[in-house]
(Lines give C-alpha, C1' and ligand atoms only; values in the text may rest on other atoms or scores of the structure.)
Protein backbone atom coordinates (compact mmCIF):
# COMPACT_ATOMS: atom_id res chain seq x y z
CA UNK A 1 0.00 0.00 0.00
CA UNK A 2 1.01 3.66 0.04
CA UNK A 3 3.26 5.33 2.57
CA UNK A 4 1.72 7.51 5.27
CA UNK A 5 3.78 10.58 6.15
CA UNK A 6 3.19 12.84 9.15
CA UNK A 7 4.76 16.29 8.97
CA UNK A 8 4.02 19.98 8.93
CA UNK A 9 5.61 21.88 6.06
CA UNK A 10 5.71 25.18 4.25
CA UNK A 11 5.30 25.70 0.52
CA UNK A 12 9.08 25.92 0.08
CA UNK A 13 9.53 22.53 1.76
CA UNK A 14 10.88 23.78 5.10
CA UNK A 15 9.85 21.69 8.09
CA UNK A 16 7.56 23.44 10.57
CA UNK A 17 8.22 22.78 14.26
CA UNK A 18 5.67 20.50 15.94
CA UNK A 19 4.90 22.93 18.76
CA UNK A 20 3.31 26.30 17.90
CA UNK A 21 5.55 28.11 20.38
CA UNK A 22 8.58 27.06 18.33
CA UNK A 23 6.94 28.54 15.26
CA UNK A 24 6.45 31.89 16.91
CA UNK A 25 3.08 31.26 18.58
CA UNK A 26 -0.21 31.88 16.84
CA UNK A 27 -1.81 28.58 17.84
CA UNK A 28 -1.72 25.23 16.14
CA UNK A 29 -3.54 24.68 12.88
CA UNK A 30 -5.77 21.68 12.23
CA UNK A 31 -4.58 18.47 10.72
CA UNK A 32 -5.23 17.76 7.04
CA UNK A 33 -4.97 14.58 5.01
CA UNK A 34 -3.29 15.05 1.63
CA UNK A 35 -3.25 12.78 -1.38
CA UNK A 36 -0.34 13.13 -3.76
CA UNK A 37 -0.96 11.11 -6.92
CA UNK A 38 0.16 10.66 -10.50
CA UNK A 39 -1.61 8.62 -13.17
CA UNK A 40 -0.51 7.57 -16.65
CA UNK A 41 -1.97 9.61 -19.51
CA UNK A 42 -3.44 6.54 -21.24
CA UNK A 43 -5.86 5.04 -20.75
CA UNK A 44 -7.87 8.06 -19.66
CA UNK A 45 -10.66 6.11 -17.92
CA UNK A 46 -8.77 5.68 -14.59
CA UNK A 47 -7.81 9.39 -14.57
CA UNK A 48 -11.45 10.34 -15.08
CA UNK A 49 -12.57 7.90 -12.36
CA UNK A 50 -10.09 9.38 -9.87
CA UNK A 51 -11.07 12.94 -10.83
CA UNK A 52 -14.76 12.12 -10.29
CA UNK A 53 -14.07 10.47 -6.94
CA UNK A 54 -12.09 13.51 -5.76
CA UNK A 55 -14.84 15.87 -6.96
CA UNK A 56 -17.43 13.79 -5.11
CA UNK A 57 -15.32 14.14 -1.94
CA UNK A 58 -15.05 17.94 -2.30
CA UNK A 59 -11.26 18.06 -2.02
CA UNK A 60 -9.21 21.23 -2.10
CA UNK A 61 -6.88 21.15 -5.12
CA UNK A 62 -3.48 22.37 -3.88
CA UNK A 63 -1.56 21.63 -7.08
CA UNK A 64 -1.64 19.19 -9.97
CA UNK A 65 -1.86 15.78 -8.35
CA UNK A 66 -2.08 17.15 -4.80
CA UNK A 67 -5.40 17.43 -2.95
CA UNK A 68 -6.39 17.94 0.69
CA UNK A 69 -9.27 17.35 3.09
CA UNK A 70 -9.61 18.11 6.80
CA UNK A 71 -8.24 15.01 8.55
CA UNK A 72 -10.49 12.58 10.33
CA UNK A 73 -10.89 8.81 10.08
CA UNK A 74 -13.53 9.10 7.34
CA UNK A 75 -11.65 11.50 5.05
CA UNK A 76 -8.41 9.58 5.49
CA UNK A 77 -10.12 6.33 4.54
CA UNK A 78 -11.80 7.96 1.53
CA UNK A 79 -8.50 9.30 0.21
CA UNK A 80 -6.86 5.91 0.87
CA UNK A 81 -9.49 4.33 -1.41
CA UNK A 82 -8.73 6.89 -4.13
CA UNK A 83 -5.01 6.25 -3.67
CA UNK A 84 -5.65 2.54 -4.11
CA UNK A 85 -7.52 3.28 -7.37
CA UNK A 86 -4.53 5.28 -8.62
CA UNK A 87 -2.11 2.48 -7.73
CA UNK A 88 -4.30 -0.16 -9.40
CA UNK A 89 -4.32 1.99 -12.56
CA UNK A 90 -0.51 1.86 -12.68
CA UNK A 91 0.02 5.26 -11.11
CA UNK A 92 1.68 6.46 -7.91
CA UNK A 93 -0.06 7.66 -4.77
CA UNK A 94 0.88 8.66 -1.23
CA UNK A 95 -1.20 9.83 1.70
CA UNK A 96 0.22 12.55 3.93
CA UNK A 97 -0.99 13.97 7.24
CA UNK A 98 0.03 17.59 7.69
CA UNK A 99 -0.65 20.93 9.34
CA UNK A 100 -0.66 24.17 7.32
CA UNK A 101 2.28 26.36 8.32
CA UNK A 102 -0.04 29.17 9.44
CA UNK A 103 -3.61 29.81 10.42
CA UNK A 104 -3.91 32.18 7.47
CA UNK A 105 -3.05 29.38 5.04
CA UNK A 106 -5.61 27.13 6.67
CA UNK A 107 -8.28 29.85 6.55
CA UNK A 108 -7.62 30.41 2.82
CA UNK A 109 -7.93 26.69 2.18
CA UNK A 110 -11.18 26.46 4.18
CA UNK A 111 -12.57 29.60 2.50
CA UNK A 112 -11.89 28.15 -0.94
CA UNK A 113 -13.67 24.93 -0.03
CA UNK A 114 -16.61 26.86 1.48
CA UNK A 115 -16.89 29.01 -1.67
CA UNK A 116 -17.04 25.92 -3.86
CA UNK A 117 -19.85 24.47 -1.73
CA UNK A 118 -21.65 27.85 -1.67
CA UNK A 119 -21.82 27.78 -5.48
CA UNK A 120 -23.27 24.28 -5.38
CA UNK A 121 -25.87 25.32 -2.78
CA UNK A 122 -26.87 28.33 -4.91
CA UNK A 123 -27.42 25.99 -7.87
CA UNK A 124 -29.77 23.92 -5.68
CA UNK A 125 -31.66 27.09 -4.68
CA UNK A 126 -32.04 27.99 -8.36
CA UNK A 127 -33.25 24.47 -9.25
CA UNK A 128 -35.77 24.55 -6.42
CA UNK A 129 -37.03 28.01 -7.43
CA UNK A 130 -37.52 26.80 -11.00
CA UNK A 131 -39.54 23.81 -9.76
CA UNK A 132 -41.92 25.72 -7.48
CA UNK A 133 -44.51 26.29 -10.20
CA UNK A 134 -44.51 22.73 -11.54
CA UNK A 135 -47.60 20.53 -11.26
CA UNK A 136 -47.76 17.97 -8.41
CA UNK A 137 -45.96 14.92 -9.82
CA UNK A 138 -43.23 16.94 -11.57
CA UNK A 139 -42.74 19.04 -8.46
CA UNK A 140 -42.34 15.92 -6.30
CA UNK A 141 -39.75 14.52 -8.74
CA UNK A 142 -37.89 17.83 -8.70
CA UNK A 143 -38.06 17.85 -4.89
CA UNK A 144 -36.63 14.32 -4.74
CA UNK A 145 -33.78 15.26 -7.11
CA UNK A 146 -33.06 18.48 -5.21
CA UNK A 147 -33.07 16.71 -1.85
CA UNK A 148 -30.66 14.04 -3.18
CA UNK A 149 -28.33 16.71 -4.56
CA UNK A 150 -28.49 18.63 -1.27
CA UNK A 151 -27.44 15.49 0.61
CA UNK A 152 -24.55 14.88 -1.80
CA UNK A 153 -23.29 18.43 -1.36
CA UNK A 154 -23.70 18.29 2.42
CA UNK A 155 -21.53 15.13 2.56
CA UNK A 156 -18.61 17.08 1.06
CA UNK A 157 -19.26 20.28 3.01
CA UNK A 158 -16.55 20.59 5.66
CA UNK A 159 -16.91 24.35 6.21
CA UNK A 160 -20.63 25.13 5.83
CA UNK A 161 -21.34 28.50 4.19
CA UNK A 162 -24.51 30.53 4.81
CA UNK A 163 -25.90 29.27 1.49
CA UNK A 164 -26.30 25.80 3.02
CA UNK A 165 -29.36 26.86 5.02
CA UNK A 166 -30.85 28.68 2.02
CA UNK A 167 -30.58 25.49 -0.05
CA UNK A 168 -32.09 23.37 2.73
CA UNK A 169 -34.94 25.84 3.09
CA UNK A 170 -35.59 25.89 -0.67
CA UNK A 171 -35.74 22.08 -0.76
CA UNK A 172 -38.07 22.00 2.26
CA UNK A 173 -40.28 24.51 0.45
CA UNK A 174 -40.53 22.17 -2.53
CA UNK A 175 -41.62 19.32 -0.30
CA UNK A 176 -44.63 21.30 0.95
CA UNK A 177 -47.56 20.81 -1.38
CA UNK A 178 -49.60 23.93 -2.22
CA UNK A 179 -53.09 23.90 -0.75
CA UNK A 180 -55.87 22.95 -3.19
CA UNK A 181 -56.83 25.97 -5.23
CA UNK A 182 -53.74 27.92 -4.08
CA UNK A 183 -52.20 29.94 -6.86
CA UNK A 184 -48.59 28.98 -7.68
CA UNK A 185 -46.46 31.35 -9.78
CA UNK A 186 -44.85 29.93 -12.92
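Please go through (1) surrounded by 14 or more Cβ atoms within 10 Å (Cβ to Cβ); (2) within 30 Å of residue 73 (Cβ to Cβ) for residue 119 and return the number of the only condition it doesn't satisfy.
That leaves (1) as the condition not met.
I need every pair where a residue in the range 143-163 that is assigned by TED's automatic domain parsing to the domain that holds residue 73 has its Cβ under 9 Å from the Cβ of a residue that is part of a helix (DSSP H, G or I), sequence separation at least 6 or different chains.
Note: no pairs meet the criteria.
What number of residues in the range 133-166 are over 25 Å from residue 30 (Cα atoms), in a loop (DSSP other than H, G, I, E, B) and in contact with a helix residue (DSSP H, G or I) (Cβ under 7 Å, 6 or more places away or on another chain)?
1
Residue 57 is checked against (1) surrounded by fewer than 18 Cβ atoms within 10 Å (Cβ to Cβ); (2) under 17 Å from residue 117 (Cβ atoms) and fails just one. What number does that condition carry?
(1)
Scan the range 71-93 for residues that are in contact with a helix residue (DSSP H, G or I) (Cβ under 8 Å, 6 or more places away or on another chain) and surrounded by 16 or more Cβ atoms within 10 Å (Cβ to Cβ) and jot them down.
The answer is 75, 78, 79, 82, 85, 86, 89, 91, 93.
With respect to the numbered conditions (1) modelled with pLDDT of 95 or more; (2) surrounded by 16 or more Cβ atoms within 10 Å (Cβ to Cβ), which one is the sole condition not fulfilled by residue 97?
All conditions are met except number (2).
Can you name every residue in the range 35-70 that is assigned to a strand (DSSP E or B) and touching a helix residue (DSSP H, G or I) at 6+ places or on another chain (Cβ under 6 Å)? Can you show your working first?
Restricting attention to the range 35-70, the residues satisfying the condition of being assigned to a strand (DSSP E or B) are 35-38, 60-63, 66-70.
Of everything in the range 35-70, those that are assigned to a strand (DSSP E or B) and touching a helix residue (DSSP H, G or I) at 6+ places or on another chain (Cβ under 6 Å) turn out to be 35, 37, 60, 67, 69.
The values are calculated or read from the model by the stated rules, or taken from the named source; none is laboratory data. Computed from a prediction, not measured in an experiment: that's the story for all the values here. Counting neighbours? That spans all protein chains shown, and the Cβs are built from the backbone with ideal geometry, glycine included.
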